[in-house]
Every structure is written in structure tokens, then in C-alpha cells.
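Novice: One structure, pasted below without further comment.
The values are calculated or read from the model by the stated rules, or taken from the named source; none is laboratory data. Owing to the predicted nature of the structure, the values given are computational and were not obtained by experimental measurement. All Cβ positions, glycine included, derive from the backbone under ideal geometry; neighbour counts span all protein chains shown.
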Amino acid sequence: MSYLIAFLLAIVSGMLMDNVLLSRFYGLCSFIGVGNKLKSAFSMGIAVSFVIILASLICWPLYNFVLVPAGLPFLDTLAYILVIASLVQVVGLFIKKKSPSLYRSLGIYLPLITTNCAVLGVAQANTDQGLSFILSMANALGTSAGFLLVICLFACIRVRLESASTPKALKGIPLALLTAGIMAIAFMGFMGIGQ
Amino acid sequence: MEKWVYILISVVILTFFLVVFFWSFVAYKKTPLPKGCEDLDKEMKSCATCGEVLCPRKKKED
Amino acid sequence: MKSDAIRRSEAKESFLSGIIKENPLFVSVLGVCPALAVTRTFEAALGMGFLFMFVLICSNVLISLLKKIIPEEVETPAYIVIIASFVTITKMLTNAFLPELYDSLGVFLSLLVVNCIVLGRAEAFANKNTVLNSFLDAVGNGIGYTIAICAIALLREILGTGMLSFGKVFTFIPEFSLPILKAVDASGDIIYDYSLFIFSNPAGGFLVFGAILGIIAAVSNHKKTKTAAKKRAEVAANKAMEVKA
């Protein structure tokens, strides 16, 4: 029972307290470039989440059962990026062939996910910190949920920002960053939850 | 198991991933776009700020 | 064959553009993840900048050397493998010689593999230009990025902790702190403290970066309107002369 609680707590903490975008700074490039359409932001979030979870699922055993016993732990970064990039391209292949409608909504973001710091960051952090498999998956799930949450919130806020009157110099990215800063301050409020 | 067995296994697995890696990139580029997906230009207004270099649209613009 | 003058000006152009005109962080807004994450202290940012420049130079030079050998379909995956190898080498060297820097950078050293700038310069520049130009381009971009993140780190550390600390990451320098907004005397009592802790926080990183980009946008907008007004004045003056003649 306590395992379950620890698992859920790890997910929630990854999502709120140590949010992947606003606190750990992982997926920022795609975050800044996300438009103001909630639907496409949501699709991208789902795609990224899918890749994060699947990549963590493959990379943890790859490190702990293959690389470490062979005495090659330093090959982790190279191995992870191979796994992640091929994963993304293979998923893209499937989407291209089977479902044009799915390609419509998230085909453009697929190559973007390869260089998304969040995917490689979570996979690397899981093994750098020596987490167990359960905690690694919790980390991955929390990261995915956190990413999805923040990206959707941000898309909604951007809709409002477009119609507001702001100083000309701030329009676009500077305003996005300042808004993200305010969001980060808001999320800091979650730090008090739990021990 | 002895160490050299592990090293052999890891070399095999890594070579497998390397091959899949290269194959997947080539295969993805070669499969044509499904019909009706050519007009996705309007949605990506933010492409100018996007830092993505693997983006197929950026390649088309070049 | 290109004349020497053209080659020299091309080289100069590729070097300088990376620093100001096309600064990878402030103008192209690439490589943002490390820019906000490692800029909590000035030293860490400086270290990251150097390592980034090292990886960029190595990968640009190697890719430029191999540009005729790598077939076009496997360009992107090949570049990723090359960059990942150099990042692994850098990680190992840093872990060996500067372990405090390695600890403070954490995952972001590995994340140089998917850094948009490294991959971007490889695909856009190194596979089309000579080795010398690629090298200069890498140095220029590296310097530009280092200056950019050091600027952010300087602001964040001074505003956030009030002091500029040295010697914590680069341990071969004796440890000392420059009191700017906060001074602590010998017994540890605070003499004055005007620092704002928010800037040391992740949120502060966003705010500082956004403010800097806003200032740069304001300056460039101002320049644009100035040149536009100049042009209009010129056109009007030309028209007036034509009418007279």
C-alpha cells in the first residue's frame, strides 16, 4: 500500500511541485513555440507524453540490465538518443501510413519531439539519480502530466494575450517568458504540499 | 554470466538500435505525406520562432 | 576559385554573425533550456558556455570534414551520432577534471546532444562550408551564447543572492565572494541585504530572460523605425528633386 502512495506522490510531485517546464526547465523550446490553439497544444502534449513514457520504459532496462553489467555506463547518452530518435521516427512512420487525421493534428510536432529536452532529460535523470524502476516510471508519468498541464494552460493564456494591448517590444516571446515567470511563481505555491 | 558475454550482448543490442535509428530516419523521409496534409501551413504561424531543425517544413523553405 | 579577399570576408562574417547579429540565444532564441537552468550562478554559466563551445567546435569541424562522405539521406542521424559522441567525451572529461562543474550542471550537460544550436549549426552551416568557416562559426556562436548566458547569470546571481561567488565551481580559484547587494562580515552577520530571492528561483530566470529579450526587441524596433523614417525622408527628397528638374 505504501508503494502505491509513494508512486502517486512521485507523480504528483513531478507534476506540480517540481514541474518539468516551470521548475526543471526541460521542454522549453517547444513550450515557447506553441501557438495559441488549445487543440494543437494538447495534441503536442499527448505526443510528447507518449514518447517520454515509452522512452523511459525502454531506457531504464537498457541502462541497468545491458550497459551497466557490461561495464559501459558511459554509453548511456548515446544509447538513449538512439532509442528516442528511432522511437519518434517509427511512431511518425505509423502515423503517416495509418492515420492521416492523426498526422494532421500532430505530424508537424513529431520531429520536434526528438530534440525536446524533456524526453532525454527524464531518461537521463532517471539513471543519473539511480532511481528504481517504479520511481523512474513515476518520474516519467509526472513529467508527462506536468508538461501537458502547463502547455495547455499556456495555450489558453496566450489566446488572451493576443487580444490584450501590450507594449510593442514585449509582443511575442518576451511576453511569453514573462508570463511563464508568473506561472512559475504560481506553481511555487505548490511547494508546501507534503513533507 | 561472464563479463564478455554482457559486452557482446550490449554490442549486439546497440548495433540493433543503431541500425533501427538510421533506417527509421530514411524510411520516415521517404514515405509520402498522406493526402490532404499539404495545407498545414496556416496552423504553424509560430514556425519563425521555432528552434527545431529537424522540421521538414523548414527544409522545404530552404 | 575564390579570391583571398572574399574568403577572408566570408570567414570574418561567419565569425562575427554568431556573436551579435545572429546571437543564438537572444536573436534566434535557441538553446533556451540550459540558458535558464544553469544560470543560477555566474560560474556555472561560464562553465556551461565553455563546454558548449567545445562541443560546438568539435562537431562543426568534424561534420565539415565529413560533409562529402555522408550521404544526404542519413545526414541528420549521422550528425546526431557525432554530436552525442562528442558530448559523451565532454562529459567524461568534465567529470574527471572539473567534478564540481559536472555536479552543478547535472543533466544539462547530456542535454547538449539535443541542443537546437549544435544540431542547427551542423545542419545549416557545417555541411555546406569549409572547415575554417565552420570552425569560426562555431567559435562565434559559442562566444555569443556564452556572453548571453553569462549576462543572464550575472543578473540573476547579483539580484538573487546579492553576491558574486567564485571558486565554488572552478575550485582552482580560491573561494571568494564579491558583495554587491548583500554583504556579510567576518562573523557571518549581514551588514546589508538588498537581494531579491525570487531571481535565484526558476521563476526569476523566466523574468530576467523575458526582460532582456524585451529590451533587445525595443532597441531593434527603435532602430527599425529610425531607418524607415530615414528612407522615407530620402525618397521624399529624391521626389522633390525630380519635380524640380
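Novice: Go through A:I134, A:I151, A:I185, A:I173 for me and flag whichever is more than 14 Å from chain C (Cβ to nearest Cβ) and crowded, with 16+ Cβ neighbours inside 10 Å.
Specialist: Exactly one residue qualifies, and that residue is A:I151.
Novice: Would you pick out the residues in the stretch C:65-115 that are free of Cβ contacts under 8 Å to residues at least 24 places away in the same chain, outside any helix (DSSP H, G or I) and within 20 Å of C:G31 (Cβ to Cβ)?
Specialist: Within the stretch C:65-115, just C:G106 meets the criteria.
Novice: Which condition breaks for A:I113 when tested against (1) outside any helix (DSSP H, G or I); (2) within 30 Å of C:G214 (Cβ to Cβ); (3) aliphatic (A, V, I, L, M)?
Specialist: Of (1) outside any helix (DSSP H, G or I); (2) within 30 Å of C:G214 (Cβ to Cβ); (3) aliphatic (A, V, I, L, M), only one is false for A:I113: (1).
Novice: State which residue is modelled with the highest pLDDT when the search covers only the stretch A:89-117 and only residues that are touching a helix residue (DSSP H, G or I) at 6+ places or on another chain (Cβ under 6 Å) and more than 8 Å from every other protein chain (Cβ to nearest Cβ).
Specialist: A:I113
Novice: If you don't mind, there's one more thing I want to ask. Between a first residue in the stretch C:207-227 that is exposed (fewer than 15 other Cβ atoms within 10 Å of the Cβ) and a second residue that is among the aliphatic types (A, V, I, L, M), which pairs have beta carbons less than 7 Å apart while being 6 or more apart in sequence or on different chains?
Specialist: Hits for this filter: C:N221/A:A169.
Novice: Of all residues in the stretch C:1-25, which are assigned to a helix (DSSP H, G or I) and farther than 30 Å from C:V208 by Cβ?
Specialist: C:D4, C:A5, C:I6, C:R7, C:R8, C:S9, C:E10, C:A11, C:K12, C:E13, listed by residue number.
Novice: If we keep just the residues of the stretch A:34-50 that are surrounded by fewer than 23 Cβ atoms within 10 Å (Cβ to Cβ) and under 13 Å from A:L141 (Cα atoms), which is modelled with the lowest pLDDT?
Specialist: So the residue we want is A:I46.
Novice: Do the conditions hold for C:G144, that is, is it crowded, with 20+ Cβ neighbours inside 10 Å, modelled with pLDDT of 75 or more, within 14 Å of chain A (Cβ to nearest Cβ) and closer than 23 Å to A:F25 by Cα?
Specialist: So C:G144 does not fit the description; no.
Novice: Going residue by residue through the stretch C:46-58, is there one that turns out to be within 14 Å of chain B (Cβ to nearest Cβ), surrounded by fewer than 19 Cβ atoms within 10 Å (Cβ to Cβ), touching a helix residue (DSSP H, G or I) at 6+ places or on another chain (Cβ under 9 Å) and assigned to a helix (DSSP H, G or I)?
Specialist: Checked the stretch C:46-58: no residue is within 14 Å of chain B (Cβ to nearest Cβ), surrounded by fewer than 19 Cβ atoms within 10 Å (Cβ to Cβ), touching a helix residue (DSSP H, G or I) at 6+ places or on another chain (Cβ under 9 Å) and assigned to a helix (DSSP H, G or I).
Novice: A follow-up question, please. If we only count helices (runs of 4 or more DSSP H) wholly inside the stretch A:1-82, which ones have 3 or more residues that are within 14 Å of another protein chain (Cβ to nearest Cβ)?
Specialist: The qualifying helices (runs of 4 or more DSSP H) are A:28-33, A:38-61.
Novice: Among (1) hydrophobic (A, V, I, L, M, F, W, C); (2) farther than 19 Å from C:P77 by Cα; (3) without any contact (Cβ under 8 Å) to a residue 60 or more places away in the chain, which single condition is C:I147 missing?
Specialist: For C:I147, the exception is condition (3).
Novice: I would also like to ask the following. Six or more apart or on different chains, Cβ atoms under 7 Å: show the pairs whose first residue is in the stretch B:5-18 and without any contact (Cβ under 8 Å) to a residue 24 or more places away in the chain and whose second is of a type in the set (S, T, Y).
Specialist: If the second residue must be of a type in the set (S, T, Y), the pairs left are B:F17/A:S86.
Novice: Right, another one. Quick check on my filter: what residues within the stretch C:116-141 are surrounded by fewer than 24 Cβ atoms within 10 Å (Cβ to Cβ), away from chain B (no Cβ under 14 Å) and either touching a Gly at 6+ places or on another chain (Cβ under 8 Å) or part of a helix (DSSP H, G or I) (or both)?
Specialist: Of everything in the stretch C:116-141, those that are surrounded by fewer than 24 Cβ atoms within 10 Å (Cβ to Cβ), away from chain B (no Cβ under 14 Å) and either touching a Gly at 6+ places or on another chain (Cβ under 8 Å) or part of a helix (DSSP H, G or I) (or both) turn out to be C:V131, C:L132, C:N133, C:F135, C:L136, C:V139.
Novice: Same structure again: Go through (1) buried (at least 17 other Cβ atoms within 10 Å of the Cβ); (2) more than 9 Å from chain C (Cβ to nearest Cβ) and name the single condition A:A125 misses.
Specialist: Going through the list (1) buried (at least 17 other Cβ atoms within 10 Å of the Cβ); (2) more than 9 Å from chain C (Cβ to nearest Cβ), A:A125 breaks only (2).
Novice: State which residue is modelled with the lowest pLDDT when the search covers only the stretch B:12-32 and only residues that are more than 7 Å from chain A (Cβ to nearest Cβ) and surrounded by 14 or more Cβ atoms within 10 Å (Cβ to Cβ).
Specialist: That would be B:K29.
Novice: Does C:I70 satisfy the criteria of being in contact with a Pro (Cβ under 8 Å, 6 or more places away or on another chain) and more than 21 Å from C:G167 (Cα to Cα)?
Specialist: It is false that C:I70 is in contact with a Pro (Cβ under 8 Å, 6 or more places away or on another chain) and more than 21 Å from C:G167 (Cα to Cα).
Novice: Among (1) surrounded by 22 or more Cβ atoms within 10 Å (Cβ to Cβ); (2) modelled with pLDDT under 90; (3) within 14 Å of chain A (Cβ to nearest Cβ), there is one condition C:L101 misses while meeting the rest; what is its number?
Specialist: Exception for C:L101: condition (3).
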